[in-house]
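The values are calculated or read from the model by the stated rules, or taken from the named source; none is laboratory data. Every value quoted in this text rests on a predicted model; they were computed, and no experiment measured them. Neighbour counts run over all protein chains shown; Cβ positions are idealised from the backbone, glycine included.
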Amino acid sequence: MNQIETIYKAVVEGNAPEAKAGVEAALQAGISAGEIMQNGLIVAMTEVGRLFEAGEYYVPEMLISARAMQAGLALLKPQLVQSGVKAAGRVAIGTVKGDLHDIGKNLVAIMLEGAGFEIIDLGTDVPPERFVAEVQSGNVDLISLSALLTTTMPAMATTIQALQAAGLRDKVKVMVGGAPVTEAYAAQVGADGYGPDASAAVRLARNLVSK
Ligand code: B12
């Protein structure tokens, strides 16, 4: 097995120490950070997403793989910045006001990061003004909103309205998700897209940012 295959296997199997050791060995062997990220980590997370969608992996496996990927990615970050691998886009991500659930939001952030997006993680219980301020900074291509409670879903609408009121709605794409959120709800609140899980979030983000 070559070094890239070792990294791929470690991430798919959720073995963080092996993923880390594999990345270290690959870097030492002179393989570029971009190649390790693309052909090792990202391809592996794409496979994890596929296994999840096929019902072969569940959330715990996906989380463990995501952690292994993050362990490898942490070692690559300095090199990726140095070698100037272009970010796929910049995403401000958060769980909406009043909502403290962050496991799904973190998974979406990790998968987006693995796909090459730069992440500004605003955390949980994020008020609309905070998202508005991020967009005002002029550095955000996409906003990713999560809500896990039926009582906090309306904060998605409030956030989009706040962007509209600030005259910023056409400057940024907005995607929404979380267990109680649906495609129909996303359309109702004026979001640009909805995804049912973290791998759908990656596809959606790529799609929205390329528009
Ligand atoms: C863990 C959990 C908690 C933990 C959260 C810990 C943490 N750090 O997140 C704690 C214990 C704190 C908690 C608290 C509460 N919880 Co709770 N919680 C859950 C539980 C069991 C799991 C949620 C979870 O993490 N799922 C796993 C992740 C991976 O899934 P996910 O978040 O849906 O994310 C995936 C997708 O939705 C999607 N996605 C997510 N965000 C986005 C964004 C975009 C843009 C896209 C495209 C996709 C996307 O991708 C993710 C990965 O595939 C759910 C039950 C459930 N089955 O959902 C209840 C649940 C959400 N909780 C519930 C409730 C009622 C509460 C409390 C009000 C309980 C209470 N009385 O205090 C509080 C509210 C606190 C608050 N203000 O937020 C209810 C909500 C009911 C409702 N319909 O509103 C649920 C459904 C349980 C139930 N069946 O009653 N909870």
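Hey, among GLU24, GLU61, GLU56, which residue is more than 30 Å from THR152 (Cα to Cα), surrounded by fewer than 19 Cβ atoms within 10 Å (Cβ to Cβ), of a type in the set (D, E, K, R) and in contact (Cβ under 8 Å) with a residue 12 or more places away in the chain? If you could, list the steps in order and put the result at the bottom.
Numbers: GLU61 fails: more than 30 Å from THR152 (Cα to Cα); GLU56 fails: in contact (Cβ under 8 Å) with a residue 12 or more places away in the chain.
Among GLU24, GLU61, GLU56, only GLU24 is more than 30 Å from THR152 (Cα to Cα), surrounded by fewer than 19 Cβ atoms within 10 Å (Cβ to Cβ), of a type in the set (D, E, K, R) and in contact (Cβ under 8 Å) with a residue 12 or more places away in the chain.
From the list ALA88, ALA133, pick out the single residue that is more than 9 Å from the ligand (Cβ to nearest atom), modelled with pLDDT of 95 or more and either of a type in the set (D, E, K, R) or more than 20 Å from GLY178 (Cα to Cα) (or both). Lay out the reasoning, then the answer.
Values: ALA88 fails: modelled with pLDDT of 95 or more.
Just one listed residue meets the conditions, ALA133.
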Taking region 17-65 and keeping residues closer than 13 Å to ILE7 by Cα and assigned to a loop (DSSP other than H, G, I, E, B) leaves ILE31
Yes or no: ALA200 assigned to a helix (DSSP H, G or I) and more than 16 Å from the chain's Cα centre (by Cα)? no
Within the set of pairs 6 or more residues apart or between chains, which connect a residue that is within 17 Å of LEU142 (Cα to Cα) inside region 183-203 to a residue that is surrounded by fewer than 17 Cβ atoms within 10 Å (Cβ to Cβ) with Cβ atoms less than 6 Å apart? TYR194/GLU183
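Would you please name the residue that is nearest to MET45 (Cα to Cα), looking only at residues in region 170-206 that are among the polar types (S, T, N, Q) and at pLDDT 95 or above? If you could, list the steps in order and put the result at the bottom.
Step one: list which residues in region 170-206 are among the polar types (S, T, N, Q), which gives 182, 188, 199.
From the residues that got through so far, the ones that are at pLDDT 95 or above too are 182, 188.
Values: THR182: 25, GLN188: 32 Å.
Here the residue is THR182.
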Only one of these conditions is not met by MET1: (1) in a helix (DSSP H, G or I); (2) surrounded by fewer than 16 Cβ atoms within 10 Å (Cβ to Cβ). Which number is it? (1)
